[in-house]
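Undergrad: Have a look at this one.
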Amino acid sequence: MGEEAAATQPTAEEAEELYSEGAGLLSSGKVAEGWDRWQRAAAAGHPGAQYNVGVYCQQQGEHAAAAGWWYTAAMHGDSDAQCNLGVCYLKGQGVDQDVFPAVQWLHLATLAGDTHAPEVLAKLPPQIVYEVVSQPELLPRLATAISWLQAKSDLPSAETKLPEDDAHSAKKGASCVHALLVFHAESV
């Protein structure tokens, strides 16, 4: 049975096609067929589909399922999912209420360009945000995580001279925080 399931798992290209088909079906009023495509695309690893399935779960009051889908999409770099997951942690919806991961996810979403996350962070006491994003015990783990990610990708090394433009710095920062989160998830 495991081989059969693996054989039917869509490729990334097929997941993208399922996602696009789902969007078209939903916009033409074929809700059941559209959601079927999005759920299949989400299960195949499509971050946009994972985010949207999370939104649907949240609308149905299934907060834990929503947080699970958003976590999966967030780990794939979806900034909307990162923001929503941060809000879940702030409110304790589907996850234990905890300001530390809330601020981490909101900060990551901000670095990735999400426009809502900075608004949420701005409503929190600044000392809490500062304490979370400047945790000294995170620095050694961040260095280890970056080294780990460099071994798996083309992230520049610390010796590489980077351009000083803000967009590049924000993307590198998001990559570093993402590396920490992925490294933490894989090392637990």
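Undergrad: I'm trying to understand the selection: among the residues of region 73-100, which are within 24 Å of Gln60 (Cβ to Cβ), open to solvent by 20 Å² or more (accessible area, probe 1.4 Å) and outside any loop (DSSP other than H, G, I, E, B)?
TA: Matches in region 73-100: Met75, Ser79, Asp80, Asn84, Val87, Tyr89, Leu90, Lys91.
Undergrad: I'd like to check something: does region 122-131 contain any residue that is open to solvent by 50 Å² or more (accessible area, probe 1.4 Å), modelled with pLDDT under 80 and under 21 Å from the mean Cα position of the chain (by Cα)?
TA: Checked against the condition, which is being open to solvent by 50 Å² or more (accessible area, probe 1.4 Å), modelled with pLDDT under 80 and under 21 Å from the mean Cα position of the chain (by Cα), region 122-131 yields no hits at all.
Undergrad: Give the number of residues within region 24-46 that are surrounded by fewer than 22 Cβ atoms within 10 Å (Cβ to Cβ) and part of a helix (DSSP H, G or I). Before the answer, list the steps.
TA: Looking only at region 24-46, we keep the residues that are surrounded by fewer than 22 Cβ atoms within 10 Å (Cβ to Cβ), and these are 24-36, 39-40, 43-45.
Checking the rest, the ones that are also part of a helix (DSSP H, G or I) come to 24-27, 31-36, 39-40, 43.
Number of matching residues: 13.
Undergrad: List every residue pair whose Cβ atoms lie under 7 Å apart, where the two residues are 6 or more positions apart in sequence or sit on different chains, the first residue falls within region 68-90 and is among the aromatic types (Phe, Trp, Tyr), and the second residue, located anywhere, is not in a helix (DSSP H, G or I).
TA: Hits for this filter: Tyr89/Val95; Tyr89/Gln97; Tyr89/Asp98.
Undergrad: Looking only at residues in region 51-69 that are assigned to a helix (DSSP H, G or I) and of a type in the set (Gly, Ala, Ser), which one is surrounded by the fewest Cβ atoms within 10 Å (Cβ to Cβ)? I'd like the intermediate steps shown before the answer.
TA: As a first pass, look at region 51-69 and keep what is assigned to a helix (DSSP H, G or I): 51-59, 63-69.
If we keep only those that are of a type in the set (Gly, Ala, Ser) as well, we get 54, 64-68.
Numbers: Gly54: 30, Ala64: 12, Ala65: 16, Ala66: 26, Ala67: 23, Gly68: 18.
Checking each candidate, the answer is Ala64.
Undergrad: Here is a list of conditions, (1) buried (at least 21 other Cβ atoms within 10 Å of the Cβ); (2) closer than 20 Å to Leu18 by Cβ, and Ala117 meets all of them except one; can you say which number that is?
TA: (2)
The values are calculated or read from the model by the stated rules, or taken from the named source; none is laboratory data. Treat the numbers as computed from the prediction; the structure is a model and nothing was measured. Reconstructed Cβ throughout: ideal geometry from the backbone, glycine too, with neighbour counts over all protein chains shown. Accessible surface areas use protein heavy atoms only, side chains included; no ligands, DNA or RNA. Shrake-Rupley method; radii C 1.70, N 1.55, O 1.52, S 1.80 Å.
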